[in-house]
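Quick notes on the structure that follows.
The values are calculated or read from the model by the stated rules, or taken from the named source; none is laboratory data. The shown structure was predicted, so the numbers you read here are calculated from the model rather than taken from an experiment. Here Cβ is always computed from backbone atoms with ideal geometry, including for glycine, and neighbour counts include all displayed protein chains. Each accessible area value is taken on the protein alone, full model and side chains, heavy atoms only, with ligands, DNA and RNA left out. Shrake-Rupley method; radii C 1.70, N 1.55, O 1.52, S 1.80 Å.
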Amino acid sequence: MKTDTTQQGIKRMKQERMLRMNETGVGRLGSRLFFMGPALLIFLAVIIVPISMSIYYSFFQWDGVSAKIFNGGENFNRLLHDPVLWTSLKNSVYLTLGALLIQLPIGLFFAIVLGYKLRGSNFMKTIYFTPVMLSTAVLGILWGQIYDPNFGLLNNLLVQLGLDSWAHAWLGEEATALGSVIAVVAWQFIGFYIIVYIGALQGISDEVLESARVEGASEWKIIFSIQIPLIWPTITFTVLNCVINSLKYFDLIYIMTGGGPNNSSEVLASYMMKNAFRMMDFGYGSTISTFLLLFGLCLAFMISKLLSRTGARFQ
């Protein structure tokens with residue numbers, strides 16, 4: 001009799017516990033929806049809906065004014081046979097590689113140097129970050145003046161150094177236009193990555209570094225065996241951020257070269273804008289944007305996998 005009463009009590013306690021857990025789960029879901037709901041709605045309205053609409057418009061012939069005409073996959077077939085599209089893709093890859101190979105190594109180098117707290121470090125941080133704060137329009141006009149073939153600072157400097165043969169119409173020649181823009185883009189964002197890396201390096205305990213020095217580790221050993229592995233998640237973030245921003249970059253190119261001469265500095269984002277808003281071919285412009293989205297997602301996925309494998313070796 002006593003045993004039956006005990007078992008019933010245990011059963012009742014389990015049922016009450018399950019009921020409390022369900023109530024807790026429902027309450028937790030409700031509180032999450034309450035706090036995350038506004039952000040989710042904004043994300044859907046600003047990101048998901050425009051992307052979905054762009055993919056939808058890519059199946060139509062549409063000038064933005066008259067009625068849309070469904071043409072199936074005709075825009076994608078046109079995309080595959082468009083030579084300017086492939087030139088733009090090649091230039092986008094060059095721009096991305098240029099940004100990756102210039103911005104991140106230089107940013108990390110200066111962050112490590114400034115981490116030694118030399119005299120004037122804070123002033124140098126401000127100087128390096130200044131280009132990030134300037135608007136792209138100002139930078140485009142400024143560097144357009146520097147690159148000017150007649151009175152530009154760069155050509156005058158080369159002439160003064162006796163390097164007349166190196167002088168060019170930097171933004172007006174097919175061979176130099178894209179490289180000139182890549183140099184400005186890389187210069188503009190180096191300061192941003194310096195600040196990001198400084199923040200990550202400051203998160204490393206001084207005790208760890210001092211212990212390594214006491215045990216006789218050289219500064220090179222500390223950098224490559226302690227600091228870089230410990231900030232690897234930040235490096236992964238900066239690589240992905242740099243790739244994504246480079247692929248969608250267009251404003252400085254639009255201001256400095258307009259994609260010319262002869263499409264030599266055209267990138268995917270500027271070519272998409274040109275088709276959609278200058279030629280009023282919104283259907284084909286949406287197709288290019290869809291292609292850019294898929295290309296960026298595939299590239300980001302591959303880079304993320306590659307960097308996660310590299311990071312696993314540091315664990």
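At-a-glance table
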quantity	calculated
Condition met for Thr126 (touching a residue at least 12 places away in the same chain (Cβ under 8 Å) and out of contact with any Phe, Trp or Tyr (no Cβ under 6 Å at 6 or more places or on another chain))	no
Output for region 133-151, where each listed residue is more than 19 Å from Ala186 (Cβ to Cβ) and crowded, with 17+ Cβ neighbours inside 10 Å	Asp148
Positions within region 42-65 being farther than 25 Å from Gly258 by Cβ, open to solvent by 60 Å² or more (accessible area, probe 1.4 Å) and more than 26 Å from the chain's Cα centre (by Cα), in sequence order	Phe59, Gln61
Qualifying residue in region 275-283 (condition: out of contact with any His (no Cβ under 6 Å at 6 or more places or on another chain), more than 21 Å from Gly73 (Cα to Cα) and open to solvent by less than 20 Å² (accessible area, probe 1.4 Å))	no
For Leu297: the one exception among (1) free of Cβ contacts under 8 Å to residues at least 40 places away in the same chain; (2) open to solvent by 10 Å² or more (accessible area, probe 1.4 Å); (3) in contact with a Phe, Trp or Tyr (Cβ under 9 Å, 6 or more places away or on another chain); (4) farther than 20 Å from Val185 by Cα	(3)
All positions within region 93-112 that are open to solvent by less than 50 Å² (accessible area, probe 1.4 Å) and farther than 28 Å from Gly258 by Cα	Gly107, Leu108, Ala111, Ile112
Unmet criterion (only one of (1) in contact with a helix residue (DSSP H, G or I) (Cβ under 6 Å, 6 or more places away or on another chain); (2) free of Cβ contacts under 8 Å to residues at least 40 places away in the same chain; (3) under 20 Å from Leu97 (Cβ atoms)) for Thr176	(1)
Candidates Phe123, Phe110 - the one that is assigned to a helix (DSSP H, G or I), in contact with a helix residue (DSSP H, G or I) (Cβ under 8 Å, 6 or more places away or on another chain) and at negative phi	Phe110
Residue satisfying all of: in region 180-209; loosely packed, with under 15 Cβ neighbours inside 10 Å and over 21 Å from Ser121 (Cα atoms); nearest to the chain's Cα centre (by Cα) among these	Val208
From the options Thr238, Thr257, residue that is within 29 Å of Leu142 (Cβ to Cβ) and modelled with pLDDT of 90 or more	Thr238
Among residues of region 133-190, those that are over 16 Å from Asn91 (Cα atoms) and part of a helix (DSSP H, G or I), counted	27
Residues of region 210-222 classified as within 19 Å of Pro105 (Cα to Cα) and crowded, with 17+ Cβ neighbours inside 10 Å, total	1
